[in-house]
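Quick one: this structure, given as structure tokens, is what I'll be asking you about.
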Amino acid sequence: MTSVLPFTPAAFFDLFADYNRTLWPIVGAIWLAALALVWAAWRDPIRYNRALTALLAALWAWNAIVYHGWLFTRINPAAWLFAGLFALEAGLLAAAAGQGLSFFAAGGRAPRAGLLLAAYAFAYPLLTVASGHRYPAVPTFAVPCPTVILTIGLFLTAPAVARRLEAVPVMWGAIGGSAAILLDVPTDYVLLGAGLMLGAVSLRPYLRHTTRSPPE
């Protein structure tokens with residue numbers, strides 16, 4: 001099955017070994033800072049929503065530049081396209097950070113599922129190791145899949161998010177989720193389900209409007 005990919009599983013996991021060996025202090029600091037900010041926003045969303053939106057923008061930019069641009073392009077030419085997608089999402093989130101998104105607000109579209117996905121994103125490194133992959137050749141934090149899972153989780157706690165912000169996470173849910181099957185990364189199966197959930201939640205108001213019976 002892996003023959004459909006332009007790289008081998010060994011080459012893929014070697015990238016994570018380079019990532020973790022070179023950047024582990026920064027990755028650890030990002031993990032702690034993100035965990036602290038999500039916790040603070042959960043307790044006081046009005047105060048921290050702008051900062052949390054800016055954090056998501058920074059995570060997507062980090063993925064665009066460091067993971068896709070610096071690492072993944074070594075083994076996959078399509079990584080430049082992925083870098084562009086992540087940079088686009090980073091820009092959209094940065095623009096939204098001026099007002100902040102309404103994370104953890106009353107009327108969230110799927111708040112419990114969103115919280116579970118956010119918690120899963122932070123536990124992702126440990127769960128990946130527990131699934132049989134050995135550190136450092138293992139995806140940890142601030143790489144695409146946990147970043148997208150965290151983003152989708154937070155989006156689901158909001159009453160509404162612009163569809164332009166949700167398009168790339170839904171798209172990566174399909175891309176990353178399918179690659180998880182080919183590369184045997186069980187922790188990324190959740191990404192596929194998260195993308196489908198966000199897509200369904202995002203389209204639900206539109207589908208209700210189009211299927212509503214006309215007035216008599």
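The values are calculated or read from the model by the stated rules, or taken from the named source; none is laboratory data. What you are looking at is a predicted structure, and each value in this text was computed from that prediction instead of being measured. Please note: Cβ atoms are built from the backbone with ideal geometry, for glycine as well, and neighbour counts cover all protein chains shown.
Quick check: is even one residue across the range 17-26 under 24 Å from residue 194 (Cα atoms) and either within 18 Å of the chain's Cα centre (by Cα) or aromatic (Phe, Trp, Tyr) (or both)?
No: zero hits.
Could you figure out which of (1) surrounded by 12 or more Cβ atoms within 10 Å (Cβ to Cβ); (2) farther than 26 Å from residue 181 by Cα isn't true of residue 20?
Of (1) surrounded by 12 or more Cβ atoms within 10 Å (Cβ to Cβ); (2) farther than 26 Å from residue 181 by Cα, only one is false for residue 20: (2).
Of these, 39, 70, 31, 60, which one is aromatic (Phe, Trp, Tyr), in a helix (DSSP H, G or I) and exposed (fewer than 14 other Cβ atoms within 10 Å of the Cβ)? Let's see the steps before the verdict.
Values: 70 fails: exposed (fewer than 14 other Cβ atoms within 10 Å of the Cβ); 31 fails: exposed (fewer than 14 other Cβ atoms within 10 Å of the Cβ); 60 fails: exposed (fewer than 14 other Cβ atoms within 10 Å of the Cβ).
The match here is 39.
While we're on this one: Among 106, 121, which is out of contact with any strand residue (DSSP E or B) (no Cβ under 9 Å at 6 or more places or on another chain) and modelled with pLDDT under 95?
Exactly one of 106, 121 is out of contact with any strand residue (DSSP E or B) (no Cβ under 9 Å at 6 or more places or on another chain) and modelled with pLDDT under 95, namely 106.
Out of the residues in the range 129-159 that are surrounded by fewer than 24 Cβ atoms within 10 Å (Cβ to Cβ) and in a helix (DSSP H, G or I), which is nearest to the chain's Cα centre (by Cα)?
Filtering first and then ranking leaves 129.
How do the pairs read when you match residues in the range 73-102 that are under 15 Å from residue 55 (Cβ atoms) with residues anywhere that are among the aromatic types (Phe, Trp, Tyr) and not in a helix (DSSP H, G or I), using Cβ under 6 Å and keeping only pairs 6 or more apart or on different chains?
Going by the 6 Å Cβ cut-off, there are no qualifying pairs.
Another question about this same structure. Pairs, please: C-beta under 9 Å, at least 6 apart or cross-chain, first residue within 13 Å of residue 75 (Cβ to Cβ) and in the range 8-28, second among the acidic types (Asp, Glu)?
As it stands, the answer is 9/184, since those pairs meet every condition given.
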